[in-house]
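One structure is given here, and the rest of the page talks about it.
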Amino acid sequence: MHKVIRTPTLPGPADCDRRHPHSPAVERHPRLEEGGPVQRGGLARPSGRAATTATVPLLLLAGVVLVALNLRGPLVAVAPVVDAMRADLRVSTGTIGLLTSIPVLCFGLAAPLASLLIARTGVHRAVVVSMAGVLAGTLLRSLGSPTAAIAGTVVIGLAITVGNVVVPVVIGRDFPGATNVVTAAYTAALNVGSTLTSALTAPLADLVGWQAALAAWGLLVVVAAAVWTAALRQQVARTAAAEAAGTAPPPPAAVAPGRSVWRQPAAWGLTLAFAGQAFSYYGATAWLPTLLADVNGMTRAAAGASSALFQVFAVVGAFAVPALVAWWRRPSLVLLAVTAVWATLPLGLLTAPSLWALWCSLAGIAQGGGITVVFIAIVRRSRDLTENRRLSAMVQGGGYVVAASGPLVIGAVHEASGGWSAPLLVILGAVVVMAVAGTASAGGRTEAETEAGPVPVPAGEEHRG
């Protein structure tokens, strides 16, 4: 096993180079919290006693959670006030629909650009850029004109894309002893942010109007950015103290870069798995209330409770998956179990729609666990920081491009078939794709790869897209 050396976390080359310049001939690898190097087959994680006594950067952890609250909330903020927006802006239902579909398209199409931005600015500063963009887009969207609403939505989509790609990289690098648990906290916070925004925007709009209600969520963005900036300064201070005391380990020697993620079968498998997960999630989220109203004769308001169950129970799945990964030691088996639970939604609604609350709750657990296990697999499959960033961009980019078609495809199949059996079978098919592709590619590190030793970031590699 590799030797764990206690050193403070460094914020990475792009964050520290200006303050602590080094020879351009050798690229510094970002320091991990426990000082462990990046291993073949996955970012290094301390084991044994070192893992249980690891010093988790709590301020940075708070920053991760707060940032996550702002990476889904802005997307669902429009839904509770859609009627007021349509009336005041004097636009069609299709135009209002763009305010929810544009960000998901950005998640897919702009992921490669987000990866380039992260390479240019550095990991921590990319998060600040993401929060600044979310704040700017939130304020722009609430100005009260159709043009501003569309433009603000585009800005929000691009900014969240950066956050989507960079936060898993931060988790893999700065929480080496607690990657699975922090990933769970991150994905749970994504769903908590959606739930809070959905629940509180309408009451707030009743008090101050929809424009002020949408703009008010910018306060949460400001809090997240402030905490993140404080965490960044703390990281820089630790770096300076370690280098002044001479306790920082020397940079590793440069080695040849590994194979491109675009040529790795496992990367394509994870992309397909994430596409199946995201397609099912967005398709079900968009049409579940309508389906229940049609099939069970429920009112729209009562059917809307299905969305709440779908989001709330995702927190359970987010925290259950790391425990299963630690217990079974095989992410592929965990992913297979998650897809089995996912399948209860379409199968249950086809055979026993009156038990919709059970099926929505189980599917909520599955969707929260599904995104968590894919993110864990991304970290475990990455050899170093650069590959982590590129794999994250590839998996999320491809997955969200497919996901953007989810609501449209489900709606088109419903209209063509005149019922809900065919759309549910489409969702089941997406879950099957997730199961097959994910089980084949989410295996993570082997013991031999763990023993093989460090693989540093090649010289100059982190500054290239």
Inset, instruction - Multiply the residue separation of L59 and L425 by 0.36 nm, subtract the distance between their alpha-carbon atoms, and state the gained length in nm to one decimal. - result: 127.3 nm
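Determine, for each peptide in 198-207, 272-281, the mean count of other beta carbons within 10 angstrom over its residues, then list the peptides with the highest first. Each step should come with its number before you reach the end.
Working: 198-207: 15.5, 272-281: 26.8.
Output ranking for 198-207, 272-281: 272-281, 198-207.
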Inset, instruction - Find the centroid of the Cα atoms in region 409-441 and in region 258-272, then give the distance between the two in whole Å. - result: 24
Legend entry - Relative packing of peptides 219-231, 165-177 - highest average C-beta neighbours within 10 Å first: 165-177, 219-231
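Once the mean 1/r over all distinct Cα pairs of region 376-435 is inverted, what Kirkwood radius in angstroms do you read off?
Details: mean 1/r = 0.0742 Å⁻¹.
That comes to 13.5 Å for region 376-435.
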Legend entry - Interatomic Cα distance distribution for region 154-241, bins of 10 angstrom, percent: 13, 36, 33, 14, 4, 0
Legend entry - Debye log10 I(q)/I(0) at q = 0.19, 0.21 Å⁻¹ for region 323-421, Cα point scatterers: -1.06, -1.15
Inset, instruction - Would you kindly give the portion of the calculated P(r) for region 90-181 that falls above 18 Å, as a percent of all Cα pairs? - result: 49
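Bear in mind that the values in this text are calculations on the coordinates, not laboratory data. All values derive from a computational prediction rather than experimental measurement. Don't worry about glycine lacking a Cβ; one is built from the backbone with ideal geometry, like all the others, and counts go over all protein chains shown.
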